[in-house]
Every structure is written in structure tokens, then in C-alpha cells.
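For reference, the structure discussed in these notes is given below.
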Amino acid sequence: MKTTKRIRKAVFPVAGLGTRVLPATKVIPKEMLTVVDRPVLQHCVEEAREAGIEHFIFVTGRNKGVIEDHFDLAYELEDTLAKRGKTKDLEALLADTPLAGATSFTRQQAPLGLGHAVWCARDIVGDEPFAVILPDMITLPGARASRCLAQCIAAHEAHGGNVIAVEEVPASETHMYGVVSMGQDFGHTFEINGMVEKPPQGTAPSTLIISGRYVLEPQIFDILEKVEKGAGGEIQLTDGMKALSRSQPFFGVRFDGKTYDTGSKVGFLAANVAFALARPDIAPDFRAALKRIVGTL
Ligand code: UTP
């Protein structure tokens, strides 16, 4: 079922409560916590832009208004930077701001699960294939130089159908994630012939976990409308995809870079270290500081 429709829109579900990183997320949305010098969510928007996304759809909740402000112009700040001659800072801010009309915000109203959050974007997405980015997962490129969503979109262009990015984890960790099982293997991509959300320890069909980047056909919305609550009492996207896989093909992409889960405390700290070391302007000083700390271990 190869489709030639270009992937123009990406959905960012940002309505979760972020309980694993409390108390930081008491008033600050977890997607706004910073990795190096920008919010986690901005790293994801940059990845989406690099992949050719033109419209950014945020599914938000209460206390998340600051997200909308972050992706808008900030007149007072920009005016002050201009008057102080801080041209570089001003240019960088403006370059990061999406074009007028390129963002949409809708509210999930209650955190009923990732599947429900994606379903909330149905009218804004309309009848075209679209991307989903889980904003607490941030990625650094590997040998292919492109980030994860670009690799998923390339797979969609090659095979059509639905695409899920996967990553290998130790067998002891599979119970925390959605897990796929593999059909025909093409190397970088493969056919998915099964998936399960948070399988009990020792029952996972593989060690390939769903790592937070998807390209989905719009028929997922009709299915999500009817999906029952699954693991954790939430409406799970994985259950919706499983149902859709009965009528449409799904492909896995083995992302060749690295994904960091900033939704946990240790993952968040690891992401900061990795992203700082990947920044040419910060890495030399940071490496020296890190060595001093590591030397005391
Ligand atoms: P998580 O389960 O990692 O987010 O969902 P959470 O619920 O905020 O995390 P904890 O366990 O309480 O710390 C993955 C992504 O899906 C979004 C979250 O915001 C996160 O980006 N999400 C999850 C929603 O938008 N709505 C939901 O109902 C659940």
C-alpha cells in the first residue's frame, strides 16, 4: 500500500503529568525542562523540521500554556535584544520560531493515555499520513547523519504504510515499553508482524522497543476512537496500531543514532551530558568539567 502523500504534519502529545520527574514538573511541563540550553520539546521540533515537517500540532493539557508562548514571538525580549545590539541572539531566537500559522494547539482535557492524546489531533491532521513524536524521547544522529524522524519518513517513502522507530534494549527492560516482533527483514527496516504494550517480564516477543517516532496513516483515528483502555488503564497507541496492522502494513526502522528518555531522572541527566558533548561550542569546557567530576568517582 505505497502512498506518495508527503508527511507534512507532526503531532506532539504533551499532555502527560510527568510524575516520574516530580517535583520539577509541579508547575513546569516536563517537555519544557531544558537539555543544555533549550527545552526538550524544542529539540523535537528541530528534529521534525529537519525531516521536512511544516505544521506542528501540540496536544496539551492544563498548566501547559507556557508551551504555546515558547513557540510564539516574544516582542519585549526581541526588542530589548535588538536595542542592545545582540543581533546573533535575536537571529537565533527568530530562526527557532515557527512561521505564523504553522502551529496548532488542542487540549486533551484528561490524561487518558497516549492513544487518546493522538486521537485528539484528528481534525487538525485530517485525511493524510502524519508523524507522531513523543517529546520526552530526544535523539542524536548516528552514522546516517539524519535524526530518527527523517529516517522514518524515508522508510515511509520507500515502503508506504505505517512506520515505527525501534531500538534494542536489554531483555530486563522490555516490560517498560511497547515491543514489536519482526517479520521480513530488509536490514535498516523490517516488517512488523506483532506488537504489545508493556509486556510482563519474560513475555516480550523481542528486545526491540517502540522508541517514540511514528508515521501513521489517518485510518488510525477511527480505530483509536473505539480502542478500549489497555496497559495502565490508559488508551494505548500500541493497541490502536495493533488493530490497524490487521488491515495495513507496519514497518520498523532501526534508528542508527541514539535516543534518550528524558521522562526519567537518570535519562534526563544522561541526555544533558550527551547533548552537551555533541555541541561544538560547549563540548570543550564541558568535557573538562565532566572529567573533574568523573575523576572523583
Ligand atoms: P509518558 O507516559 O512517558 O508521560 O507518555 P507521562 O504520563 O507524562 O509520564 P509519567 O509516567 O507520569 O512520568 C509519553 C508521552 O505521551 C504524552 C506525555 O506528555 C509524553 O510526552 N501523554 C501521555 C499525553 O499527552 N497524554 C496522556 O494521556 C499520556
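The values are calculated or read from the model by the stated rules, or taken from the named source; none is laboratory data. Quantities reported herein were computed from a predicted structural model and do not represent experimental measurements. Neighbour counts are summed over all protein chains in view; Cβ atoms, including those assigned to glycine, are modelled from backbone coordinates with ideal geometry. For accessibility, only protein heavy atoms count, side chains too; no ligands or nucleic acids. Shrake-Rupley method; radii C 1.70, N 1.55, O 1.52, S 1.80 Å.
Heavy-atom accessible surface of the chain, averaged per residue, reaches 49 Å², computed with a 1.4 Å probe. Once both labels are positioned 7 Å from their Cα atoms along Cα-to-Cβ, the gap between residue 291 and residue 278 label points is 2.3 nm. By the gyration tensor of its Cα atoms, with a ≥ b ≥ c the square roots of the eigenvalues, what is the shape of segment 191-241: rounded for a/c under 1.5, prolate for a/b over b/c, or oblate? Note, shape of segment 191-241 comes out oblate.
Report the trypsin sites (Lys or Arg not before Pro) located in segment 67-128 that are in a DSSP loop and have at most 10 other Cβ atoms inside 10 Å of their Cβ, or state none.
Taking segment 67-128 and a limit of 10 other Cβ atoms within 10 Å, the loop trypsin sites (Lys or Arg not before Pro) found are 84.
Between residue 258 and residue 143, the simple spin-label model (points 7 angstrom out along Cα→Cβ) gives 1.7 nm. Computed from phi, the 3J(HN,Hα) profile of segment 148-158 under the Karplus parametrisation 6.51, -1.76, 1.60 (θ = phi - 60°) reads 4, 5, 4, 5, 5, 5, 4, 5, 5, 5, 6 Hz, with x in place of Gly and Pro.
If you take the beta carbon distance between residue 79 and residue 49 as r and set R0 to 35 Å, what does 1/(1 + (r/R0)^6) give as a FRET efficiency, to the nearest 0.05? It comes out at approximately 0.85. Partner lysines whose Cα lies under 18 Å from the Cα of residue 64, excluding those fewer than 8 positions away in the same chain, are identified as 26, 30. Protein heavy-atom surface of segment 91-143, 1.4 angstrom probe: 57% of the accessible area is carbon and sulfur, with nucleic acids and ligands not counted.
Derived scalar couplings between HN and Hα for segment 28-41 equal 9, x, 4, 6, 9, 5, 9, 10, 6, 10, 9, x, 3, 5 Hz in order, rounded to whole Hz, by the Karplus curve 6.51 cos²θ - 1.76 cosθ + 1.60 (θ = phi - 60°), x for Gly and Pro.
With a ≥ b ≥ c the root eigenvalues of the C-alpha gyration tensor of segment 131-269, is it rounded (a/c under 1.5), prolate (a/b larger than b/c) or oblate?
rounded
Test of understanding: in a Gaussian network model of the chain with alpha carbons linked when under 10 Å, which of 212, 194, 61 would top the mean-square fluctuation ranking? Comparing 212, 194, 61 in the GNM, the peak value goes to 194. Test of the criteria: in segment 194-297, which trypsin sites (Lys or Arg not before Pro) are in a DSSP loop and have at most 12 other Cβ atoms within 10 angstrom of their Cβ? For trypsin sites (Lys or Arg not before Pro) across segment 194-297 that sit outside H, G, I, E and B with at most 12 neighbouring Cβ atoms in 10 Å, the list reads 246. The ellipsoid equivalent to the alpha-carbon distribution of segment 1-123 has semi-axes of 26, 21, 12 angstrom, derived from the gyration tensor eigenvalues as √(5λ) and listed largest first. Bridgeable lysines around residue 5 (alpha carbons under 24 Å apart, same-chain partners fewer than 8 residues away excluded): 242.
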